[in-house]
Number of protein chains: 2
Amino acid sequence: MARKNAFYAQSGGVTAVINASACGVLQTARQHSDRIAKVFAGRNGIIGALTEDLIDTSVESEAAIAALKHTPGAAFGSCRYKLGSIHEHRAQYERLIEVFRAHDIGFFFYNGGGDSQDTTHKVSQISAELGEPIVCAGIPKTVDNDLAITDCSPGFGSAAKYLATSLREAAFDLAAMSRTSTQVFVLEVMGRHAGWTTAACALAAEHEGDAPHVLLLPEVAFNVVRFLAKVTDAFKRYGHCVIAVSEGVKTPDGQFLSAGSEDAFGHAQLGGVASLITSLISAKLGLKCHWAVPDYLQRSARHIASEIDVEQAYAVGRAAVEYAIAGRNAVMPAIRRLSDTPYRWDIIEAPLSAVANKEKLLPPDFISADGFGITEAARRYLAPLIVGEAYPPYRSGLPDYAKLEKVAVGKKLTRAFDFQE
Amino acid sequence: MARKNAFYAQSGGVTAVINASACGVLQTARQHSDRIAKVFAGRNGIIGALTEDLIDTSVESEAAIAALKHTPGAAFGSCRYKLGSIHEHRAQYERLIEVFRAHDIGFFFYNGGGDSQDTTHKVSQISAELGEPIVCAGIPKTVDNDLAITDCSPGFGSAAKYLATSLREAAFDLAAMSRTSTQVFVLEVMGRHAGWTTAACALAAEHEGDAPHVLLLPEVAFNVVRFLAKVTDAFKRYGHCVIAVSEGVKTPDGQFLSAGSEDAFGHAQLGGVASLITSLISAKLGLKCHWAVPDYLQRSARHIASEIDVEQAYAVGRAAVEYAIAGRNAVMPAIRRLSDTPYRWDIIEAPLSAVANKEKLLPPDFISADGFGITEAARRYLAPLIVGEAYPPYRSGLPDYAKLEKVAVGKKLTRAFDFQE
């Protein structure tokens, strides 16, 4: 088999562990230097490929590559950019193949969510069609945990651990203050459509009365009367009430409770629902509220990453390279759960066609009968994903995160390409 | 000397380490059982004394007391409740003495901020005046770091470590996304009047260009034109801009930028300034922004507490008991800095009269010339306070925080007391 270069890029919202997947890709590629010459990373995801803005990872030290395993963010830059349909935006795909041909790229690894798996799938199709076959593998990543086939998505476990820990800590705070100060605390959680991250907050509760007392999931239509009754009941029982609300919670007619603008993908850009919920509670129940919106903190909190999540993120990166050099094309390494207790898992091969553009919501049997909590089945699913601490090294009291050299690969094409066309 | 019981209570907003002070008090008191019979904790601070709602700490196990050192919140409950002046609210003070006499209390330990040191001071005065002398010691605590005399306040170092870490992590996120998505990130930081916590965010930056790029401190009047120019400049230089804004930032005429309601002490209850700042940037500069408000998360984040902070919190609790049994009255253990590098400190005795109701703001020489950053002097002061990790134990992937038995002491008085009168 010919020795070729590989392309690797990161896409979509970052996670605490997407760089652990990068570490898995790069370390495994270096172990297979007979098949993979160099790995070129796209600067800012697929845009780096379109604009021939490539980073030569071969000049990064072994230590720097190893440090990616404990570094949040996306080391090579990510993007919110979705390729159009092959039919309408053929020039984009032809450009990708032109760049890949110029740099002798025979392997394509794209690390992202459902949209990115779709892109990977299309690159695989078009490269074959254009007679320049590139072996393509998707690598799963999303804090939203909404990818199909894979039992869980790398990034989710760490966000879940951060959220459950933070909620438990804030609940200790609230419980201490509620006699004379704040009585209700609302934590706003990322997740447009799927309630996995909000559901994970429930792991903070171990005993009757433990916070959170109310979850507002995007899968359950918001009913103001039932919600206020639930809050009132919790407050009467426990003297305070902790609520985790998904930014994506919707009215009965399917509108986001908190209207906002749109992101580059045409996805709703949310935020502010915690403030809205507290205003409602203050006005209707007369309770004093505080709210928190961790926003990016929840998807970047490498300092409290889940050890299982880090291991799985690394494993899918490694498996993607191993699949590719075995000639497996248009696949994504997926995590398969073998048992809950003890938690056991392995990696299996999922066809990209089965993953692309799918969205996995919380199943009905994971949501409690009243819609404000999770079931034991959900708890059995969620609990193993936050287990283990994988602390980064610290220097001067702060996590010592890697910054790479990011040396650009010399351009070989003369034509520029406007990806925003 | 007679053997007496002691009263201990926690007051004001909690911190990640106020229970470490409680641990210092309780363990040290147990070592001096010849002088201190039992420690009764006030349930919800001084309100527990007024309402004779006392917790018998002597029934808590050694393990439970030890676990306080790694548990956030306020284990016995805190309060936002300030005693009135002795002149106008004499009944409150007489009630305290009545309760203390009934329970044979000869020592009073109050763990809080400037208001609490004032309360402690008054209890000391009135007890002597009423012929029932109680040895009183304040124990410093506040994430705001605004207490006088003491070089720093227990609770601050952990909030500072949490904030600088979180900001660094979110900045990695932003840097990865800014090519096609969010360009500006705003972190809203607690602190009504003093900018210590906001200043601490600057520790996240090590090199030119590192986040945060702009601080909005409550000590510096907000100037919209200069602020927008600063953001524009940072965005041009680095391709993104990270801002840490104090909830207490004020207009040139001294009004809070974000108006809000008031808390039980008549302090302004703030929040929402991050959203206001991002609206301004979006409207005037056309940049895409995200914002985060960690709220209680920042003062409860025991999972990323500063080891130095935990040690100091414990030490002031221990010293308060040692001062009291040595007969030192109306004092507060204060932290004295002996050197910056290596960081060395000890505990000295501060008279409550010098601490009560004082507020220590950022000194002018800690604020950079343009008002949007900190100086090297500030960095030398702040840096040692976040050093060292003091991880709590974990169980099932979450911090294993202590919950106490909190057995009530039998009431000895027949008269109830309405503290809200």
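The values are calculated or read from the model by the stated rules, or taken from the named source; none is laboratory data. Every value quoted in this text rests on a predicted model; they were computed, and no experiment measured them. Positions of Cβ are generated from backbone atoms using ideal geometry, with glycine treated the same way; all protein chains shown enter the neighbour counts. Side chains included, ligands, DNA and RNA excluded: accessible areas come from the protein's heavy atoms. Shrake-Rupley method; radii C 1.70, N 1.55, O 1.52, S 1.80 Å.
Within region A:237-253, is even one residue open to solvent by 10 Å² or more (accessible area, probe 1.4 Å) and in a strand (DSSP E or B)? Yes, region A:237-253 has at least one match. The residue that is farthest from A:Gly77 (Cα to Cα), counting only those in region A:293-309 that are in a helix (DSSP H, G or I), open to solvent by 10 Å² or more (accessible area, probe 1.4 Å) and among the charged types (D, E, K, R), is A:Glu307.
For region A:98-112, the set of residues classified as outside any helix (DSSP H, G or I) and either modelled with pLDDT under 95 or of a type outside the set (Phe, Trp, Tyr) (or both) consists of A:His103, A:Asp104, A:Ile105, A:Gly106, A:Asn111, A:Gly112, listed by residue number.
Considering only residues that are part of a helix (DSSP H, G or I) and closer than 18 Å to A:Ala408 by Cα, look in region A:63-97 and name the one that is most open to solvent (accessible area, probe 1.4 Å). Going through the qualifying residues, I end up with A:Ala64.
Scanning region A:310-327 finds one or more residues that are touching a residue at least 40 places away in the same chain (Cβ under 8 Å), outside any helix (DSSP H, G or I) and open to solvent by 10 Å² or more (accessible area, probe 1.4 Å). Residues in region A:342-369 that are modelled with pLDDT under 95 and surrounded by fewer than 17 Cβ atoms within 10 Å (Cβ to Cβ): A:Ser353, A:Ala354, A:Asn357, A:Lys358, A:Glu359.
Going through (1) within 26 Å of the chain's Cα centre (by Cα); (2) not in a helix (DSSP H, G or I) one by one, B:Leu167 falls short only on (2). Within region B:319-342, can you find the residues that are under 24 Å from B:Lys161 (Cα atoms) and more than 14 Å from every other protein chain (Cβ to nearest Cβ)? B:Pro333, B:Ala334, B:Ile335, B:Arg336, B:Arg337, B:Leu338, B:Ser339, listed by residue number. All conditions but one from (1) within 29 Å of the chain's Cα centre (by Cα); (2) at negative phi apply to B:Ala175; the one that does not is (1). Does B:Gly113 satisfy the criteria of being closer than 19 Å to B:Gly12 by Cβ and not polar (S, T, N, Q)? Criteria met by B:Gly113.
Looking at this structure, is B:Ala199 of a type in the set (A, V, I, L, M), in a loop (DSSP other than H, G, I, E, B) and buried (at least 20 other Cβ atoms within 10 Å of the Cβ)? So B:Ala199 fails the test. Only one of B:Ile126, B:Ile134 is open to solvent by less than 10 Å² (accessible area, probe 1.4 Å), away from every other protein chain (no Cβ under 12 Å) and modelled with pLDDT under 95. Can you tell me which? None of the others qualify; the one that does is B:Ile126. When you scan region B:124-147, how many residues do you find that are in contact with a Cys (Cβ under 8 Å, 6 or more places away or on another chain) and without any contact (Cβ under 8 Å) to a residue 40 or more places away in the chain? Selection size over region B:124-147: 1.
Of all residues in region A:1-54, those that are open to solvent by 10 Å² or more (accessible area, probe 1.4 Å), more than 19 Å from B:Phe172 (Cβ to Cβ) and assigned to a loop (DSSP other than H, G, I, E, B) total 9.
Sub-7 Å Cβ pairs linking a first residue in region B:286-309 that is among the β-branched types (Val, Ile, Thr) to a second residue that is at pLDDT below 95, at least 6 apart or interchain, are B:Val293/B:Gly271; B:Val293/B:Ala274, ordered by first then second residue.
For region A:35-42, the criterion of being within 13 Å of chain B (Cβ to nearest Cβ) and within 19 Å of A:Arg302 (Cβ to Cβ) is met by no residue.
Of all the criteria given as (1) facing another protein chain (nearest Cβ under 7 Å); (2) out of contact with any strand residue (DSSP E or B) (no Cβ under 8 Å at 6 or more places or on another chain); (3) open to solvent by 10 Å² or more (accessible area, probe 1.4 Å); (4) under 20 Å from B:Cys201 (Cβ atoms), the one not satisfied by B:Thr180 is (4). Here B:Asp365 fulfils each of the conditions (1) under 30 Å from B:Asp56 (Cβ atoms); (2) under 24 Å from the mean Cα position of the chain (by Cα) apart from (1). For region A:406-420, the set of residues classified as within 14 Å of another protein chain (Cβ to nearest Cβ) and either open to solvent by 20 Å² or more (accessible area, probe 1.4 Å) or at pLDDT 95 or above (or both) consists of A:Lys406, A:Asp418, A:Gln420, listed by residue number.
One residue stands out among those in region B:370-392 that are more than 10 Å from chain A (Cβ to nearest Cβ) and part of a loop (DSSP other than H, G, I, E, B): the one that is surrounded by the fewest Cβ atoms within 10 Å (Cβ to Cβ), which is B:Asp370.
Within region A:138-160, is there a residue that is within 14 Å of chain B (Cβ to nearest Cβ), open to solvent by 10 Å² or more (accessible area, probe 1.4 Å) and either at pLDDT below 95 or not in a loop (DSSP other than H, G, I, E, B) (or both)? No. For region A:191-215, the set of residues classified as within 12 Å of chain B (Cβ to nearest Cβ), in contact (Cβ under 8 Å) with a residue 60 or more places away in the chain and touching a Pro at 6+ places or on another chain (Cβ under 8 Å) consists of A:Ala202 only. Among the conditions (1) within 14 Å of another protein chain (Cβ to nearest Cβ); (2) without any contact (Cβ under 8 Å) to a residue 24 or more places away in the chain; (3) aliphatic (A, V, I, L, M), A:Ala170 misses just one, which is (2).
Looking across region A:150-205, the residues that are among the hydroxyl-bearing types (Ser, Thr, Tyr) and closer than 26 Å to B:Gly42 by Cα come down to A:Ser178, A:Thr180, A:Ser181, A:Thr182.
Scanning region B:270-292 for residues that are crowded, with 18+ Cβ neighbours inside 10 Å and either at pLDDT below 85 or over 26 Å from B:Ser166 (Cα atoms) (or both) yields B:Leu270, B:Gly271, B:Gly272. The requirement of being in contact with a Gly (Cβ under 9 Å, 6 or more places away or on another chain) and at pLDDT below 95 is satisfied by B:Gln92. Take the conditions open to solvent by 10 Å² or more (accessible area, probe 1.4 Å), within 14 Å of chain A (Cβ to nearest Cβ) and β-branched (Val, Ile, Thr) and apply them to B:Thr165. Does it pass? No; evaluated as a whole, the condition is false for this residue. Among the residues of region B:338-358, those identified as part of a strand (DSSP E or B) and in contact with a helix residue (DSSP H, G or I) (Cβ under 8 Å, 6 or more places away or on another chain) are B:Trp345, B:Ile347, B:Glu349. Name the single residue that is farthest from B:Asp115 (Cα to Cα) among those in region B:328-341 being of a type outside the set (S, T, N, Q) and open to solvent by less than 70 Å² (accessible area, probe 1.4 Å). Among those residues, the one meeting the criterion is B:Asp340.
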